[in-house]
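Visitor: Okay, handing you the structure first.
The values are calculated or read from the model by the stated rules, or taken from the named source; none is laboratory data. On a predicted model such as this, the values are computed, not experimentally measured, just so you know. We place every Cβ from the backbone using ideal geometry, glycine too, and count neighbours over all the protein chains shown. Ligands, DNA and RNA are excluded from the accessible area calculation, which covers all protein heavy atoms including side chains. Shrake-Rupley method; radii C 1.70, N 1.55, O 1.52, S 1.80 Å.
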Amino acid sequence: MAAPAKINFKCYQGSTFSEVLRWESSKKIYKAITGITQAAPCVVTSVGHGVPNGWRVKVTNAGGMKEINSSDTYKIATKLDVDTLEFNDINSIGYTAYTSGGVVEYNEPVSLTGFTARMHLREKVDSTTTLKELTTENGGIVINTTDYTITIFISATDTALLTFSSAVYSLEMVSSLGVVTPLANGTITLVKEVTR
């Protein structure tokens, strides 16, 4: 089992806290590219790509448009439809024209069907007092099985009541069989509210 991701957050007191996480497997998916536009933003055609909206993707081995190829840098893709992806932060107008070949590469998403999630905020790892509990049952964590997203949510009303300076958290995913997988952990820094 892979180690949980280390992710630190900032929470603004009196503001809605909403963070979207995605759970990738270690399995790589490669889908052939049939076209890349010289445009801003850049659009890549890859028939039946299977990329969920907002997923990390990289382009490799594209002919002609060498500037878009990457060995290690992933970009966030917007799924336009089942065959096309848009890369909002790539302006390819000045790139060399695409000729042929290449693949979009991404890590296969873990199916979230049947999962629940739970997360505790505590002052320190060994603290016995829970500052905030978030679960799928209480609406603090929302799982979207279509887009493969896990959203951590604290309402503005609830963040206004938080008083800690910094807290630690751990996010656990629980399968329908009761298997617990630690997905992420780290710190949450509370930025105190001025306008209230």
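Visitor: For the chain, compute Rh as the Kirkwood radius over C-alpha pairs and then the Stokes-Einstein diffusion coefficient at 4 °C and 1.567 mPa s; write the answer in µm²/s, rounded to an integer.
Guide: 69
Visitor: Further question: Roughly how compact is region 53-128, stated as its Cα Rg over 2.2 N^0.38 Å to two decimals? Please list the in-between numbers first.
Guide: On the way: Rg = 18.6 Å, N = 76, 2.2 N^0.38 = 11.4 Å.
Output field value: 1.63.
Visitor: Check the chain and count each lysine pair with an alpha-carbon distance under 13 angstrom, considering only pairs eight or more places apart or from different chains.
Guide: For the chain, qualifying lysine pairs total 6.
Visitor: From a point 7 Å beyond the Cα of Ile7 in the direction of its Cβ, which residues of region 145-178 have a backbone N at a distance under 12 Å?
Guide: Within reach of a label on Ile7, which here means backbone N under 12 Å from a point 7 Å along Cα→Cβ, region 145-178 contributes 149-153, 170-173.
Visitor: Leaving out ligands and nucleic acids, note down the accessible area per residue over region 74-196 with a 1.4 angstrom probe, in whole Å².
Guide: Solvent-accessible surface per residue comes out at 54 Å².
Visitor: Next question, about the same structure. In the chain, if the dipole is taken from +1 on Lys/Arg beta carbons and -1 on Asp/Glu beta carbons about the Cα centre, which of Val180, Phe87, Thr163 is farthest to the positive end?
Guide: In the chain, that residue is Thr163.
Visitor: How far, in nm, would the chain grow between Glu108 and Val47 when pulled straight, counting 0.36 nm per residue and subtracting the alpha carbon separation?
Guide: In short, 20.3 nm is gained.
Visitor: Once neighbouring chains are kept in place and the probe is 1.4 Å, which whole percent of the accessible area of the chain is contributed by carbon and sulfur?
Guide: C and S atoms contribute 51 percent here.
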